[in-house]
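What follows draws every value from the coordinates through simple rules; no lab data is involved. Every value quoted in this text rests on a predicted model; they were computed, and no experiment measured them. Here Cβ is always computed from backbone atoms with ideal geometry, including for glycine, and neighbour counts include all displayed protein chains.
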Amino acid sequence: MTDRVRRASGGQVVYAELKRRILSLDLPPGRRLFEPELSQQLQVSRTPLREALRLLLAEDLLEQLPTGGMVVRSLSPEEIEELYSVRAALEGLMAAEAATRMTDESAEALKLLIARNRRLVDIADDAMNAGHAFHLKIAEIATNSWAARLHEQVDGQMARYRAFTNQSQPRRTAALQEHESILEALITGNAPRARELAEAHVLHARDTALAAIGERLP
């Protein structure tokens with residue numbers, strides 16, 4: 001392996017780990033990042049670390065300070081409004097298209113994901129992951145490549161907010177019921193209904209995230 005390839009792969013590993021910490025809030029919003037500290041923690045040199053930081057900056061997960069340092073981007077109600085509005089439109093579009101492309105195989109796959117969601121609804125992180133898998137499967141069934149690309153981009157930005165929408169048991173139970181209604185619309189091929197339900201589901205999650213963030217802000 002050449003030094004150039006080794007540095008590139010090292011930067012990707014550091015990038016993946018720092019992104020995981022940011023999205024899981026292990027690196028909280030507003031945290032100043034210090035290169036010597038991160039280099040020591042991750043046991044890497046400055047070169048792959050700086051490459052990783054540049055990638056995270058390009059994804060708007062970090063903000064550049066006037067002094068040249070970087071901080072983890074803050075959470076904001078305005079960003080929630082924008083992200084969830086775009087997500088709702090994309091989810092609605094893909095649900096409508098998936099409803100016209102359903103097969104017995106895809107219906108069975110979605111039913112299995114709903115069953116998993118139902119089993120895990122009492123466990124916050126597992127319920128969140130199960131519900132997320134349901135949405136990703138709908139995107140796969142829809143086979144709209146542009147919508148899928150945009151959805152992936154928005155989905156990455158929303159990861160920091162997703163945990164807030166699954167904190168309470170009432171919301172997790174309601175989200176499961178919404179997923180079940182979306183599934184019924186998909187299986188019956190009711191595209192307008194699938195779009196309506198998918199959009200409403202995302203907007204309900206938005207309202208929950210806004211309420212949760214409001215409690216964290218001064």
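Once fully extended, how much extra length lies between LEU65 and THR173, figured as 0.36 nm per residue of separation less the alpha-carbon to alpha-carbon distance?
This chain segment gains 34.7 nm when fully extended.
Sort 43-55, 132-144 for me by packing, meaning the mean count of neighbouring Cβ atoms within 10 Å per residue, highest on top.
Top to bottom by mean Cβ count within 10 Å: 132-144, 43-55.
Starting from 0.36 nm per residue, how many nanometres of slack lie between ALA58 and ILE187 once their C-alpha separation is accounted for? Numbers along the way, then the final one.
Values: separation 129, 0.36 × 129 = 46.44 nm, distance 3.95 nm.
Full extension from ALA58 to ILE187 adds 42.5 nm.
Quick one, which of (i) -0.45, -0.54, -1.14; (ii) -0.40, -0.49, -1.06; (iii) -0.52, -0.62, -1.07 is the actual log10 I(q)/I(0) by the Debye sum over Cα atoms at q = 0.10, 0.11, 0.16 Å⁻¹ calculated for this model?
(iii)
Mind giving me the nanometre distance, one decimal, between the label points for ILE123 and GLU78, set 7 Å out from Cα along Cα→Cβ?
Rounded to a tenth, the inter-label distance reads 4.0 nm.
Taking only Cα atoms and a 10 Å spring cutoff, compute GNM fluctuations for the chain and point out the largest among GLU199, GLU91, GLU63.
Ranking GLU199, GLU91, GLU63 by mean-square fluctuation puts GLU63 first.
What nm value, rounded to one decimal, do you get for the distance between ARG20 and SER145 when each label is placed 7 Å out toward the C-beta?
3.1
Which net charge results for the neighbourhood of VAL71, defined as the other residues with beta-carbon distances under 11 angstrom from its beta-carbon, given Lys and Arg at +1 and Asp and Glu at -1?
It works out to a net charge of +2.
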